[in-house]
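In what follows, a single structure is set out as C-alpha coordinates and then discussed.
The values are calculated or read from the model by the stated rules, or taken from the named source; none is laboratory data. Computed from a predicted model, the values in this text were never measured in an experiment. Because the Cβ atoms are built from the backbone with ideal geometry, glycine has one as well, and the counts that use them run over all protein chains shown. For accessibility, only protein heavy atoms count, side chains too; no ligands or nucleic acids. Shrake-Rupley method; radii C 1.70, N 1.55, O 1.52, S 1.80 Å.
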Amino acid sequence: MGRVNPVQRFGRVVAVPDPPLDRAALALAAGADPTLDADRWLRELDRLAVGVTSVDALRQRLFVEEGFGGNSGDYTDPRNSLLHHVLARRLGIPITLAVVTMEVGRRAGVPMEGVGMPGHFLVRPTGTSRYLDVFAGGAEISGARCEELFRGATGAGPEVPFGPHLLTATPTRAILVRMLENLRAVYGARRRAADLEWVLRMRLLLPGVRLADVLELGEALGDQGRWLEGAKLLEDRVPSASAAHAERLRTAAKSLKAHLN
(Lines give C-alpha, C1' and ligand atoms only; values in the text may rest on other atoms or scores of the structure.)
Protein backbone atom coordinates (compact mmCIF):
# COMPACT_ATOMS: atom_id res chain seq x y z
CA MET A 1 0.00 0.00 0.00
CA GLY A 2 1.33 3.44 -0.90
CA ARG A 3 2.51 5.78 1.80
CA VAL A 4 0.10 8.59 2.66
CA ASN A 5 1.84 11.95 2.64
CA PRO A 6 1.39 14.29 5.62
CA VAL A 7 -0.93 16.70 3.81
CA GLN A 8 -3.26 13.87 2.81
CA ARG A 9 -3.17 12.48 6.35
CA PHE A 10 -3.98 15.90 7.78
CA GLY A 11 -6.85 16.22 5.33
CA ARG A 12 -8.35 12.95 6.50
CA VAL A 13 -8.13 13.97 10.15
CA VAL A 14 -9.79 17.37 9.64
CA ALA A 15 -12.46 16.09 7.25
CA VAL A 16 -14.64 14.68 10.04
CA PRO A 17 -17.33 16.91 11.60
CA ASP A 18 -15.52 17.42 14.92
CA PRO A 19 -11.83 16.64 14.42
CA PRO A 20 -9.84 15.60 17.51
CA LEU A 21 -7.48 18.42 18.41
CA ASP A 22 -4.64 16.19 19.62
CA ARG A 23 -4.54 14.02 16.49
CA ALA A 24 -5.06 17.00 14.19
CA ALA A 25 -2.20 18.97 15.80
CA LEU A 26 0.09 15.96 15.50
CA ALA A 27 -0.97 15.41 11.86
CA LEU A 28 -0.09 19.06 11.26
CA ALA A 29 3.33 18.59 12.88
CA ALA A 30 3.99 15.59 10.64
CA GLY A 31 4.36 18.05 7.78
CA ALA A 32 7.74 18.94 9.29
CA ASP A 33 8.55 15.33 10.23
CA PRO A 34 6.73 12.67 8.17
CA THR A 35 8.22 9.93 10.41
CA LEU A 36 6.44 11.36 13.47
CA ASP A 37 4.93 8.61 15.66
CA ALA A 38 1.61 10.13 16.75
CA ASP A 39 0.80 7.30 19.15
CA ARG A 40 3.96 8.02 21.14
CA TRP A 41 2.88 11.60 21.79
CA LEU A 42 -0.74 10.66 22.49
CA ARG A 43 0.60 8.36 25.20
CA GLU A 44 2.62 11.26 26.60
CA LEU A 45 -0.54 13.34 26.85
CA ASP A 46 -2.19 10.40 28.61
CA ARG A 47 0.70 10.20 31.07
CA LEU A 48 0.57 13.90 31.87
CA ALA A 49 -3.11 13.60 32.78
CA VAL A 50 -2.70 10.84 35.37
CA GLY A 51 -3.73 12.04 38.83
CA VAL A 52 -4.95 15.48 37.69
CA THR A 53 -8.32 16.26 39.30
CA SER A 54 -8.73 20.05 39.12
CA VAL A 55 -7.64 23.17 37.25
CA ASP A 56 -5.07 23.96 39.92
CA ALA A 57 -3.73 20.40 39.79
CA LEU A 58 -3.48 20.73 36.01
CA ARG A 59 -1.45 23.91 36.37
CA GLN A 60 0.77 22.27 38.99
CA ARG A 61 1.39 19.22 36.80
CA LEU A 62 2.22 21.04 33.59
CA PHE A 63 3.95 24.21 34.68
CA VAL A 64 5.62 23.21 37.96
CA GLU A 65 6.23 19.46 37.95
CA GLU A 66 6.76 19.05 34.19
CA GLY A 67 8.26 22.50 33.54
CA PHE A 68 6.29 23.60 30.48
CA GLY A 69 6.83 27.25 29.61
CA GLY A 70 6.91 29.87 26.91
CA ASN A 71 9.97 30.08 24.69
CA SER A 72 10.56 33.79 25.07
CA GLY A 73 14.23 33.35 24.14
CA ASP A 74 13.48 32.14 20.60
CA TYR A 75 9.80 32.77 19.97
CA THR A 76 10.01 32.20 16.20
CA ASP A 77 11.68 28.78 16.39
CA PRO A 78 9.34 26.65 14.25
CA ARG A 79 9.52 23.84 16.81
CA ASN A 80 7.42 26.05 19.10
CA SER A 81 4.49 25.45 16.74
CA LEU A 82 4.92 21.67 16.38
CA LEU A 83 3.16 19.70 19.10
CA HIS A 84 5.60 16.81 19.36
CA HIS A 85 8.52 19.20 19.82
CA VAL A 86 6.58 21.15 22.44
CA LEU A 87 5.95 17.93 24.35
CA ALA A 88 9.59 16.86 24.03
CA ARG A 89 11.23 20.21 24.83
CA ARG A 90 8.61 21.59 27.24
CA LEU A 91 8.79 24.86 25.27
CA GLY A 92 6.21 26.50 23.06
CA ILE A 93 4.20 29.56 22.17
CA PRO A 94 0.78 30.37 23.65
CA ILE A 95 -1.31 28.37 21.20
CA THR A 96 0.68 25.12 21.34
CA LEU A 97 0.97 25.29 25.12
CA ALA A 98 -2.79 25.83 25.11
CA VAL A 99 -3.26 22.67 23.03
CA VAL A 100 -1.23 20.70 25.58
CA THR A 101 -3.27 22.18 28.44
CA MET A 102 -6.59 21.51 26.74
CA GLU A 103 -5.74 17.95 25.78
CA VAL A 104 -4.31 17.01 29.17
CA GLY A 105 -7.32 18.62 30.82
CA ARG A 106 -9.73 16.71 28.59
CA ARG A 107 -8.10 13.43 29.50
CA ALA A 108 -8.23 14.29 33.19
CA GLY A 109 -11.90 15.29 33.14
CA VAL A 110 -10.98 18.95 33.62
CA PRO A 111 -12.37 20.54 30.45
CA MET A 112 -10.52 23.58 29.16
CA GLU A 113 -11.24 25.71 26.11
CA GLY A 114 -9.01 27.81 23.94
CA VAL A 115 -9.57 31.55 23.83
CA GLY A 116 -8.37 33.03 20.55
CA MET A 117 -7.64 36.53 21.76
CA PRO A 118 -5.81 38.38 18.98
CA GLY A 119 -2.08 38.43 19.58
CA HIS A 120 -2.02 36.11 22.59
CA PHE A 121 -3.86 32.80 22.87
CA LEU A 122 -5.31 31.97 26.30
CA VAL A 123 -7.18 29.09 27.94
CA ARG A 124 -9.93 28.95 30.53
CA PRO A 125 -11.96 26.26 32.28
CA THR A 126 -14.84 25.64 29.91
CA GLY A 127 -17.72 28.05 30.35
CA THR A 128 -15.98 30.26 32.94
CA SER A 129 -14.28 33.67 32.97
CA ARG A 130 -11.14 32.34 34.65
CA TYR A 131 -8.29 33.03 32.21
CA LEU A 132 -4.91 31.29 32.22
CA ASP A 133 -1.80 32.57 30.44
CA VAL A 134 -0.05 29.32 29.58
CA PHE A 135 2.91 31.22 28.09
CA ALA A 136 3.55 32.65 31.57
CA GLY A 137 3.56 29.36 33.45
CA GLY A 138 -0.20 28.92 33.56
CA ALA A 139 -0.71 32.09 35.59
CA GLU A 140 -4.30 33.04 36.28
CA ILE A 141 -4.87 36.55 34.95
CA SER A 142 -7.54 39.23 35.25
CA GLY A 143 -9.60 40.74 32.47
CA ALA A 144 -7.46 43.87 32.76
CA ARG A 145 -4.33 41.80 32.20
CA CYS A 146 -5.96 40.17 29.17
CA GLU A 147 -6.45 43.63 27.72
CA GLU A 148 -2.82 44.57 28.45
CA LEU A 149 -1.62 41.46 26.62
CA PHE A 150 -3.94 42.17 23.68
CA ARG A 151 -2.78 45.76 23.28
CA GLY A 152 0.87 44.89 23.81
CA ALA A 153 0.82 42.11 21.22
CA THR A 154 -1.26 43.86 18.57
CA GLY A 155 -0.32 47.51 19.10
CA ALA A 156 -4.01 48.38 19.28
CA GLY A 157 -4.65 51.80 20.78
CA PRO A 158 -7.47 52.94 23.07
CA GLU A 159 -9.70 53.60 20.06
CA VAL A 160 -9.95 49.81 19.56
CA PRO A 161 -12.56 48.43 21.96
CA PHE A 162 -11.68 45.45 24.12
CA GLY A 163 -14.31 43.13 25.52
CA PRO A 164 -15.91 39.67 25.50
CA HIS A 165 -16.05 39.70 21.69
CA LEU A 166 -12.27 39.16 21.72
CA LEU A 167 -12.42 36.39 24.32
CA THR A 168 -14.63 33.82 22.64
CA ALA A 169 -13.99 30.07 22.65
CA THR A 170 -12.03 28.94 19.60
CA PRO A 171 -13.12 25.78 17.71
CA THR A 172 -10.62 23.16 16.63
CA ARG A 173 -10.34 24.16 12.98
CA ALA A 174 -9.73 27.80 13.91
CA ILE A 175 -6.97 26.69 16.29
CA LEU A 176 -5.35 24.72 13.48
CA VAL A 177 -5.61 27.70 11.12
CA ARG A 178 -3.86 29.88 13.68
CA MET A 179 -1.12 27.31 14.19
CA LEU A 180 -0.56 27.13 10.44
CA GLU A 181 -0.51 30.91 10.15
CA ASN A 182 2.24 31.04 12.77
CA LEU A 183 4.30 28.53 10.80
CA ARG A 184 3.55 30.36 7.58
CA ALA A 185 5.07 33.53 9.02
CA VAL A 186 8.10 31.70 10.41
CA TYR A 187 8.90 29.71 7.27
CA GLY A 188 8.16 32.67 5.03
CA ALA A 189 10.58 34.90 6.94
CA ARG A 190 13.25 32.18 6.73
CA ARG A 191 12.53 31.58 3.03
CA ARG A 192 12.02 27.87 3.56
CA ALA A 193 9.88 27.24 0.49
CA ALA A 194 9.50 23.47 0.93
CA ASP A 195 8.18 23.89 4.46
CA LEU A 196 5.99 26.79 3.40
CA GLU A 197 4.51 24.49 0.75
CA TRP A 198 3.17 21.87 3.15
CA VAL A 199 1.90 24.56 5.52
CA LEU A 200 -0.05 26.25 2.72
CA ARG A 201 -1.36 22.96 1.34
CA MET A 202 -2.75 22.16 4.79
CA ARG A 203 -4.15 25.68 5.05
CA LEU A 204 -6.14 25.12 1.86
CA LEU A 205 -7.89 22.18 3.56
CA LEU A 206 -9.41 24.40 6.24
CA PRO A 207 -12.15 27.08 6.15
CA GLY A 208 -11.56 30.69 5.18
CA VAL A 209 -9.11 30.20 2.31
CA ARG A 210 -8.13 33.49 0.66
CA LEU A 211 -6.75 34.29 -2.75
CA ALA A 212 -3.45 35.22 -1.07
CA ASP A 213 -3.12 31.65 0.23
CA VAL A 214 -3.35 30.19 -3.25
CA LEU A 215 -1.01 32.77 -4.78
CA GLU A 216 1.56 32.21 -2.05
CA LEU A 217 1.47 28.46 -2.60
CA GLY A 218 2.10 28.98 -6.31
CA GLU A 219 5.04 31.22 -5.41
CA ALA A 220 6.41 28.63 -2.97
CA LEU A 221 6.36 26.03 -5.75
CA GLY A 222 8.09 28.46 -8.08
CA ASP A 223 10.77 29.12 -5.46
CA GLN A 224 11.56 25.42 -5.65
CA GLY A 225 11.88 25.54 -9.43
CA ARG A 226 8.50 23.86 -9.93
CA TRP A 227 7.14 26.61 -12.13
CA LEU A 228 4.77 24.54 -14.27
CA GLU A 229 3.32 22.85 -11.21
CA GLY A 230 2.76 26.21 -9.58
CA ALA A 231 1.17 27.63 -12.72
CA LYS A 232 -1.18 24.67 -13.03
CA LEU A 233 -2.25 24.99 -9.41
CA LEU A 234 -3.19 28.61 -10.04
CA GLU A 235 -4.90 27.95 -13.36
CA ASP A 236 -6.98 25.14 -11.86
CA ARG A 237 -8.51 27.72 -9.50
CA VAL A 238 -9.58 30.08 -12.28
CA PRO A 239 -12.95 28.46 -13.16
CA SER A 240 -14.29 28.84 -9.61
CA ALA A 241 -12.86 32.33 -8.99
CA SER A 242 -14.48 35.72 -9.37
CA ALA A 243 -13.54 37.73 -12.43
CA ALA A 244 -11.06 39.89 -10.50
CA HIS A 245 -9.46 36.91 -8.76
CA ALA A 246 -9.34 34.91 -11.98
CA GLU A 247 -7.33 37.67 -13.63
CA ARG A 248 -4.83 37.73 -10.75
CA LEU A 249 -4.50 33.93 -10.90
CA ARG A 250 -3.84 34.01 -14.65
CA THR A 251 -1.27 36.79 -14.28
CA ALA A 252 0.58 34.93 -11.52
CA ALA A 253 0.52 31.69 -13.53
CA LYS A 254 1.90 33.48 -16.57
CA SER A 255 4.69 34.94 -14.42
CA LEU A 256 5.67 31.47 -13.21
CA LYS A 257 5.72 30.09 -16.75
CA ALA A 258 7.97 32.96 -17.85
CA HIS A 259 10.82 31.35 -15.91
CA LEU A 260 10.88 28.56 -18.53
CA ASN A 261 11.73 30.94 -21.40
Output the residue which, of all residues in region 68-88 that are charged (D, E, K, R) and buried (at least 16 other Cβ atoms within 10 Å of the Cβ), is nearest to Ala153 (Cα to Cα). Asp77
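Filter region 157-170 down to the residues that are in contact (Cβ under 8 Å) with a residue 12 or more places away in the chain and either assigned to a helix (DSSP H, G or I) or touching a Pro at 6+ places or on another chain (Cβ under 9 Å) (or both) and list them by number. Reasoning before the result, please.
The first filter runs over region 157-170 and keeps only residues in contact (Cβ under 8 Å) with a residue 12 or more places away in the chain, leaving 162, 166-170.
Correct list: Leu166 only.
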Unmet requirement for Glu113, which otherwise passes all of (1) in contact (Cβ under 8 Å) with a residue 24 or more places away in the chain; (2) part of a loop (DSSP other than H, G, I, E, B); (3) charged (D, E, K, R): (2)
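Among the listed residues Leu221, Leu211, which satisfies the condition of being among the hydrophobic types (A, V, I, L, M, F, W, C) and in contact with a Phe, Trp or Tyr (Cβ under 8 Å, 6 or more places away or on another chain)? Reasoning before the result, please.
Working: Leu211 fails: in contact with a Phe, Trp or Tyr (Cβ under 8 Å, 6 or more places away or on another chain).
None of the other options fit; the residue is Leu221.
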Please list, ordered by residue number, the helices (runs of 4 or more DSSP H) wholly in region 54-109 having 2 or more residues that are more than 17 Å from Arg130 (Cβ to Cβ). 83-89, 94-108
Is it the case that Arg173 is in contact (Cβ under 8 Å) with a residue 12 or more places away in the chain, assigned to a helix (DSSP H, G or I) and either more than 15 Å from Val7 (Cβ to Cβ) or not β-branched (Val, Ile, Thr) (or both)? yes
Residues in region 193-207: is at least one part of a loop (DSSP other than H, G, I, E, B), open to solvent by less than 20 Å² (accessible area, probe 1.4 Å) and aliphatic (A, V, I, L, M)? yes
Somewhere in region 135-152, is a residue in contact with a helix residue (DSSP H, G or I) (Cβ under 8 Å, 6 or more places away or on another chain), modelled with pLDDT of 95 or more, in a loop (DSSP other than H, G, I, E, B) and surrounded by fewer than 17 Cβ atoms within 10 Å (Cβ to Cβ)? yes
Please go through region 221-261 and give me each residue that is surrounded by fewer than 18 Cβ atoms within 10 Å (Cβ to Cβ) and among the small types (Gly, Ala, Ser), ordered by number. Gly225, Ser240, Ala241, Ser242, Ala243, Ala244, Ala246, Ser255, Ala258
It is to be established whether one or more residues within region 19-34 are open to solvent by 60 Å² or more (accessible area, probe 1.4 Å), closer than 25 Å to Glu140 by Cβ and in a helix (DSSP H, G or I). no
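Out of the residues in region 37-55 that are open to solvent by less than 30 Å² (accessible area, probe 1.4 Å) and free of Cβ contacts under 8 Å to residues at least 60 places away in the same chain, state the one that is farthest from Trp198 (Cα to Cα). Steps first, please.
Here is the first cut: in region 37-55, the residues open to solvent by less than 30 Å² (accessible area, probe 1.4 Å) are 41-42, 45, 48-49, 52, 55.
Now drop any that are not free of Cβ contacts under 8 Å to residues at least 60 places away in the same chain, which leaves 41-42, 48-49, 52.
Numbers: Trp41: 21, Leu42: 23, Leu48: 30, Ala49: 31, Val52: 36 Å.
The qualifying residue farthest from Trp198 (Cα to Cα) is Val52.
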Does Ala253 meet the test of being touching an Asp or Glu at 6+ places or on another chain (Cβ under 7 Å) and more than 24 Å from Pro78 (Cα to Cα)? yes
Return the residue satisfying two criteria in turn: it lies in region 179-191 and is surrounded by 16 or more Cβ atoms within 10 Å (Cβ to Cβ) and in contact (Cβ under 8 Å) with a residue 60 or more places away in the chain, and of such residues it is nearest to Val214 (Cα to Cα). Leu180
